[in-house]
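Working notes, beginning with the structure itself.
The values are calculated or read from the model by the stated rules, or taken from the named source; none is laboratory data. Quantities reported herein were computed from a predicted structural model and do not represent experimental measurements. Heads up, the Cβs are rebuilt from the backbone with ideal geometry, glycines too, and the neighbour counts pull from every protein chain shown. In case anyone asks, the SASA skips ligands and DNA or RNA and just uses the protein heavy atoms, side chains included. Shrake-Rupley method; radii C 1.70, N 1.55, O 1.52, S 1.80 Å.
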Amino acid sequence: MPSYRDEGLVLRTHKLGEADRIITLLTREHGRVRAVAKGVRRTTSRFGARLEPGGHVDVMFAKGRTLDIVTQAESRGAYGAHAVGDYAAFTAVSAMLEAADRLVVEDGEPALQQFLLLLGGLRAICDQGRSPSQVLDAFLLRSLAVAGYAPSFEECARCGAPGPHQAFHASAGGMLCPDCRLPGSARPSAETVQVLGALLSGEWPVVEAADPRHLRQASGLVAAYLSWHLERGLTSLAVMER
Ligand SMILES: [Zn+2]
């Protein structure tokens with residue numbers, strides 16, 4: 001059976017039969033891969049714990065007829081397990097894993113940027129101790145941008161008129177000028193719009209110096225923007241306390 005090796009992050013798992021699991025991974029070279037891990041639910045399994053959500057693994061797959069099979073998994077890190085004792089970190093990690101799964105459309109299509117964004121975000125929360133909520137918001141905006149839904153926080157999202165503008169509309173793609181403004185637009189504060197731009201471009205000093213009120217308002221708009229593009233929101237975002 002032909003096989004291949006890759007580095008992956010476990011996005012989710014589900015049960016298959018008595019002892020097996022289907023593991024969904026975002027890999028560095030092969031994009032999203034769904035593969036069967038045999039016997040992982042037995043306590044004697046060689047690699048069961050490495051293939052939990054948030055696990056970072058070097059993995060060997062054997063090509064299967066429908067799903068590939070995990071034949072080896074070596075741990076590089078366990079971001080899900082690291083975050084277990086910290087509710088904010090755990091929910092942010094869960095939301096990032098879920099978003100990565102939803103934003104990558106095709107199995108097996110390379111998605112290197114998504115992989116690097118996810119790995120960077122998990123490290124920022126679990127290794128560097130950054131604010132889970134801020135890292136999550138930055139990750140969501142950048143993942144949406146990589147997926148082709150880059151929000152516009154400066155120019156008008158419809159006509160390109162230079163900003164800053166005052167109206168925000170998720171379905172229109174971001175900020176709107178007075179001419180393009182749609183009914184039902186939100187009117188975030190100027191500081192909130194600045195925070196959104198900084199989250200997208202990774203200007204951490206601006207984000208870290210922001211008032212909690214503006215950060216909360218920005219989180220609400222990020223969630224609205226994400227829900228619009230995903231049709232339904234993330235389950236793990238709904239339980240997040242902000
Ligand atoms: Zn406009």
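Structure values in brief
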{"item": "Gyration tensor (alpha-carbon) shape descriptor, the stretch 109-231, a/c threshold 1.5", "result": "oblate"}
{"item": "Surrounding net charge for P151, when Lys and Arg each add one and Asp and Glu each subtract one, Cβ distance under 14 Å", "result": "-1"}
{"item": "Derived scalar couplings ³J(HN,Hα) [the stretch 92-108; Karplus, 6.51 cos²θ - 1.76 cosθ + 1.60; whole Hz; x for Gly, Pro]", "result": "5, 4, 4, 5, 5, 5, 5, 5, 4, 4, 6, 7, 7, 8, 9, 5, x"}
{"item": "Spin-label pair S75/H14, simplified geometry with 7 Å Cα→Cβ offset, distance in nm", "result": "2.6"}
{"item": "Relative contact order of the chain, defined on C-alpha pairs under 8 angstrom at six or more residues apart (%)", "result": "15"}
{"item": "log10 of Debye I(q)/I(0), alpha-carbon scatterers only, for the chain at 0.10 Å⁻¹", "result": "-0.51"}
{"item": "The chain: angle of helix 212-230 to the longest principal axis, Cα-based, in degrees nearest 10", "result": "60"}
{"item": "Amide proton proximity set for R158, modelled H, under 5 Å, gap of 5+", "result": "C177"}
{"item": "Placed amide H near R76: partners under 5 Å, 5+ positions off or other chain", "result": "H56, V57, D58"}
{"item": "Accessible-area order (highest first, 1.4 angstrom probe) of the listed residues E18, E29", "result": "E18, E29"}
{"item": "The stretch 21-86: C-alpha gyration tensor shape, a/c 1.5 cut-off, then a/b vs b/c", "result": "oblate"}
{"item": "Projected label distance in nm at V105 and A150, using a 7 Å step from Cα toward the beta-carbon", "result": "1.7"}
{"item": "In degrees, nearest ten, helix 112-126 long axis to first principal axis of the chain (Cα)", "result": "90"}
{"item": "For V40, residues with placed amide H under 5 Å, excluding near neighbours", "result": "R21"}
{"item": "Share of Cα-Cα pairs in the stretch 60-163 lying beyond 21 Å, as whole percent", "result": "49"}
{"item": "Burial order of peptide ranges 3-14, 99-110 (average beta-carbon count within 10 Å, highest first)", "result": "3-14, 99-110"}
